[in-house]
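*Asks:* Structure incoming, see below.
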Amino acid sequence: MQTTEYTLEIIKELQRTANLINEVKVEMLVERILEANKIFVAGAGRSGFMAKSFAMRMMHVGLDPYVVGETVTPNLEEGDLFIVSSGSGETKSLVSMTERAKSLGATVAAVTISPNSTIGSLADITIQIPAQAKSGEKAGNETIQPMGSLFEQSLLLLYDAIILRFMEKNSLNSNTMFGRHVNLE
Ligand SMILES: O=C([C@H](O)CO)[C@H](O)[C@H](O)COP(=O)(O)O
């Protein structure tokens with residue numbers, strides 16, 4: 001297959017996967033984002049990259065987001081929102097962080113392949129992205145891609161769609177957001 005054909009096949013997979021995401025759960029997360037004080041995102045590896053992209057856009061819409069593990073990230077408190085992105089829902093460091101976030105009184109939202117995983121079970125809001133696990137275990141949603149790629153791409157699209165929903169609710173546009181874009185790059 002040519003590279004473009006692979007790209008088009010990936011787009012088909014993403015379209016199919018987006019249709020499997022529970023809209024009601026996503027809306028619950030959007031509402032919680034609107035109410036939250038500080039918002040913390042956590043994720044490891046590629047899932048973590050998508051979480052960081054989400055935090056960046058949340059900053060652009062005027063929210064108060066932080067990436068767990070960054071040196072300037074403050075303390076988490078009651079009334080804050082902790083959003084954990086983990087395909088497996090079992091990544092050890094994220095399990096501990098999720099437990100800690102819960103014990104500190106934050107609302108926990110998890111985006112995962114496995115809602116019954118440790119992280120999925122701990123969360124107040126669990127959004128499932130049905131996709132192949134990074135271990136290769138199937139989820140009835142076939143992919144030509146390796147490991148957790150379909151999950152991680154779907155995660156980025158879901159987060160970008162949440163930003164659009166937030167923009168709609170708050171009458172924001174790209175120009176107003178660009179005013180908050182970094183100007184020291
Ligand atoms: O980087 C990753 C890997 O390349 C999977 O495709 C994962 O995102 C990382 O290992 C974190 O795993 P999960 O917590 O299960 O998302």
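The values are calculated or read from the model by the stated rules, or taken from the named source; none is laboratory data. Keep in mind the model is a prediction, meaning the values are calculated, not measured. Reconstructed Cβ throughout: ideal geometry from the backbone, glycine too, with neighbour counts over all protein chains shown. For the accessible areas, the whole protein counts, side chains as well, though only heavy atoms, and no ligand, DNA or RNA atoms are used. Shrake-Rupley method; radii C 1.70, N 1.55, O 1.52, S 1.80 Å.
*Asks:* Within the range 152-178, can you find the residues that are open to solvent by 70 Å² or more (accessible area, probe 1.4 Å) and assigned to a loop (DSSP other than H, G, I, E, B)?
*Replies:* Of everything in the range 152-178, those that are open to solvent by 70 Å² or more (accessible area, probe 1.4 Å) and assigned to a loop (DSSP other than H, G, I, E, B) turn out to be S171, N173.
*Asks:* Return the total of residues in the range 136-177 being within 16 Å of the ligand (Cβ to nearest atom), touching a Leu at 6+ places or on another chain (Cβ under 8 Å) and of a type in the set (V, I, T).
*Replies:* Final tally of qualifying residues: 1.
*Asks:* Quick check on my filter: what residues within the range 16-50 are of a type outside the set (D, E, K, R), open to solvent by 40 Å² or more (accessible area, probe 1.4 Å), over 15 Å from the mean Cα position of the chain (by Cα) and within 16 Å of I162 (Cα to Cα)?
*Replies:* Scanning the range 16-50 gives N19, L20, V24, L34.
*Asks:* Hey, can you tell me all the residues within the range 49-71 that are touching a residue at least 24 places away in the same chain (Cβ under 8 Å) and assigned to a loop (DSSP other than H, G, I, E, B)?
*Replies:* V61, G62, L63, D64, V68, G69
*Asks:* Could you tell me whether V24 is assigned to a strand (DSSP E or B) and among the aliphatic types (A, V, I, L, M)? So that I can check it myself, show each step before the final result.
*Replies:* Values: assigned to a strand (DSSP E or B): no; among the aliphatic types (A, V, I, L, M): yes.
Here the answer is no, as V24 does not meet what is asked.
*Asks:* Within 13 Å of the ligand (Cβ to nearest atom) and assigned to a helix (DSSP H, G or I) - does that describe any residue in the range 72-93?
*Replies:* Checked against the condition, which is being within 13 Å of the ligand (Cβ to nearest atom) and assigned to a helix (DSSP H, G or I), the range 72-93 yields at least one hit.
*Asks:* With the requirement that a residue be of a type in the set (V, I, T) and under 19 Å from D124 (Cα atoms), what does the range 34-67 give you?
*Replies:* Here is the first cut: in the range 34-67, the ones of a type in the set (V, I, T) are 39, 41, 61, 67.
Selection gives I39, V41.
*Asks:* For the range 100-140, give me each residue that is acidic (D, E) and at pLDDT 95 or above.
*Replies:* Of all residues in the range 100-140, those acidic (D, E) come to 124, 137.
Result: D124, single match.
*Asks:* Checking T91 against (1) modelled with pLDDT of 95 or more; (2) open to solvent by 80 Å² or more (accessible area, probe 1.4 Å), which single condition isn't satisfied?
*Replies:* (2)
*Asks:* Among residues belonging to the range 103-115 that are polar (S, T, N, Q) and away from the ligand (no atom under 11 Å from the Cβ), point out the one that is least open to solvent (accessible area, probe 1.4 Å).
*Replies:* Step one: of the range 103-115, the residues polar (S, T, N, Q) are 103, 107, 112, 114.
Still in the list and also away from the ligand (no atom under 11 Å from the Cβ): 103, 107.
Working: S103: 87, T107: 28 Å².
Looking at the filtered set, the residue picked out is T107.
*Asks:* Could you grab the pairs with beta carbons closer than 7 Å, sequence gap of 6+ or different chains, first residue in the range 1-23 and of a type in the set (S, T, N, Q), second one open to solvent by less than 100 Å² (accessible area, probe 1.4 Å) and not in a loop (DSSP other than H, G, I, E, B)?
*Replies:* Here the result reads T17/L150; T17/S154; N22/I127; N22/Q128, each pair linking the range 1-23 to a residue that is open to solvent by less than 100 Å² (accessible area, probe 1.4 Å) and not in a loop (DSSP other than H, G, I, E, B).
*Asks:* Filter the range 116-151 for residues that are open to solvent by 20 Å² or more (accessible area, probe 1.4 Å) and in a helix (DSSP H, G or I) and give the result.
*Replies:* T118, S121, L122
*Asks:* Which one is farthest from N183 (Cα to Cα) among residues in the range 75-88 that are more than 17 Å from the chain's Cα centre (by Cα) and either touching a residue at least 40 places away in the same chain (Cβ under 8 Å) or open to solvent by 50 Å² or more (accessible area, probe 1.4 Å) (or both)?
*Replies:* First pass over the range 75-88, keeping only residues more than 17 Å from the chain's Cα centre (by Cα): 75-79.
After this cut, where a residue has to be either touching a residue at least 40 places away in the same chain (Cβ under 8 Å) or open to solvent by 50 Å² or more (accessible area, probe 1.4 Å) (or both) as well, the list is 75, 77-79.
Working: N75: 27, E77: 30, E78: 33, G79: 31 Å.
My answer is E78.
*Asks:* Okay, next question. Here is a check on your reading of the model: is G105 touching a Leu at 6+ places or on another chain (Cβ under 9 Å), part of a loop (DSSP other than H, G, I, E, B) and more than 22 Å from E13 (Cα to Cα)? Can you show your working first?
*Replies:* Working: touching a Leu at 6+ places or on another chain (Cβ under 9 Å): yes; part of a loop (DSSP other than H, G, I, E, B): yes; more than 22 Å from E13 (Cα to Cα): yes.
Against the criterion (touching a Leu at 6+ places or on another chain (Cβ under 9 Å), part of a loop (DSSP other than H, G, I, E, B) and more than 22 Å from E13 (Cα to Cα)), G105 qualifies.
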